[in-house]
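S.K.: First, the structure itself, so that you have it in front of you.
The numbers here are math on the coordinates, done by the rules we state, and not lab data. For clarity, every value in this text was computed on a predicted model and none was experimentally measured. Note: ideal-geometry Cβ built from the backbone for every residue, glycine included; neighbour counts use all protein chains shown.
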Amino acid sequence: MILTVGNTKGGVGKTTLAVQIAIFRALQGRDVWLIDGDRQGTAASAISIRTEAKQSPGIACAQYADGPTLRGQIQQQKNKWDDIIIDAGGRDSTALRASLILSDILLVPFAPRSYDVWALDDMAKLIDEARSVRDGLNCFAVMNQADPGLHSSDNSEAASAVSEVKQFQYLDMPIRRRKAFSNASGAGLSVAEMPIKDAKACKELEKLIGSLFNIK
């Protein structure tokens with residue numbers, strides 16, 4: 001399975017989510033390759049911290065911010081891995097466009113802010129372009145950094161707006177704004193590996209991954 005976590009809008013927590021998904025899948029016994037398609041290299045830095053700490057399981061990670069290189073490397077090595085997780089975006093880049101052509105699943109995280117929702121129009125256009133040259137790209141949108149309150153008007157308004165974008169299937173399983181996610185990713189860990197676990201964060205991540213990978 002090749003899954004891209006991507007958005008042309010920065011600041012939506014895509015790298016944190018990509019790192020969390022990659023590590024969680026490795027904890028489930030999958031051979032995982034995490035690809036950092038962002039020039040900032042934040043995902044690669046997180047995995048480097050994990051490697052230096054000798055945390056098990058180890059996560060293979062490579063950084064390819066150039067679309068042709070990313071495409072060529074994945075085409076050569078995709079059969080070596082159970083899952084390939086790509087962190088791409090923050091802008092419209094060649095790496096993001098190449099990822100859309102290669103992936104089975106696109107997960108688009110968005111924050112419950114009006115300008116984040118408006119920016120999804122750019123992703124919708126890229127999806128239409130990708131689907132014009134390939135079949136089988138499944139696209140999902142998930143609210144990331146959602147307001148903690150169960151009855152947040154910002155959450156509900158953003159969810160309503162995104163559910164009307166035909167290029168995405170909206171996953172009604174928000175990842176709420178919790179320190180556990182940023183703290184864990186900064187240490188190269190899954191929220192499930194933290195010494196003091198946030199049970200709610202673990203449950204949210206597990207539910208999302210179960211939906212994306214059809215885990216029963």
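S.K.: I want the local charge near LYS200. Using Cβ-Cβ distances under 12 Å, sum +1 for each Lys or Arg and -1 for each Asp or Glu among the other residues.
M.R.: Working: positive: ARG176, ARG177, ARG178, LYS179, LYS197, LYS203, LYS207; negative: ASP198, GLU204, GLU206.
Residues near LYS200 contribute +4 overall.
S.K.: Filter the cross-link list LYS80/LYS200; LYS125/LYS179; LYS125/LYS203; LYS78/LYS200; LYS9/LYS200 down to pairs whose alpha-carbon distance in this structure exceeds 28 Å.
M.R.: On the way: LYS80/LYS200 33 Å; LYS125/LYS179 33 Å; LYS125/LYS203 32 Å; LYS78/LYS200 33 Å; LYS9/LYS200 26 Å.
Flagged as over cut-off: LYS80/LYS200; LYS125/LYS179; LYS125/LYS203; LYS78/LYS200.
S.K.: Kindly rank 186-194, 124-132 from highest to lowest mean number of other beta carbons found within 10 Å of each residue. List each step's numbers first, then the result.
M.R.: Numbers: 186-194: 19.1, 124-132: 15.2.
For the peptides 186-194, 124-132, the packing ranking is 186-194, 124-132.
S.K.: Here's something else I'd like to know. Could you tell me which residue out of GLY11, ASN79, ALA146 lies farthest along the dipole of the stretch 2-212 toward its positive end? Charges go on the beta carbon: Lys and Arg +1, Asp and Glu -1, centred on the Cα centre.
M.R.: ASN79
S.K.: Give me TRP33, TRP118 sorted ascending by neighbouring Cβ count inside 10 Å, so fewest comes first.
M.R.: Details: TRP33 22, TRP118 12.
The most exposed by this proxy come first: TRP118, TRP33.
S.K.: Where in the chain are the DSSP H helices whose alpha-carbon span along the long axis reaches 24 Å or more and whose Kyte-Doolittle mean is at least -0.5?
M.R.: Details: long enough: 114-133 (31 Å, -0.10).
The qualifying helices are 114-133.
S.K.: Related question: When the expected Rg is taken as 2.2 N^0.38 Å, what fraction or multiple of it is the alpha-carbon Rg of the chain? Provide the component values of the computation, followed by the final result.
M.R.: Values: Rg = 16.0 Å, N = 216, 2.2 N^0.38 = 17.0 Å.
Dividing the Cα Rg of the chain by 2.2 N^0.38 Å gives 0.94.
S.K.: Using unit Cβ charges (K, R positive; D, E negative) and no other charged atoms, how large, in debye to the nearest 20, is the dipole of the chain about its Cα centre? Before the final figure, lay out each step's value.
M.R.: Values: 26 positive and 25 negative charges, 91 e Å.
So the magnitude is around 440 debye.
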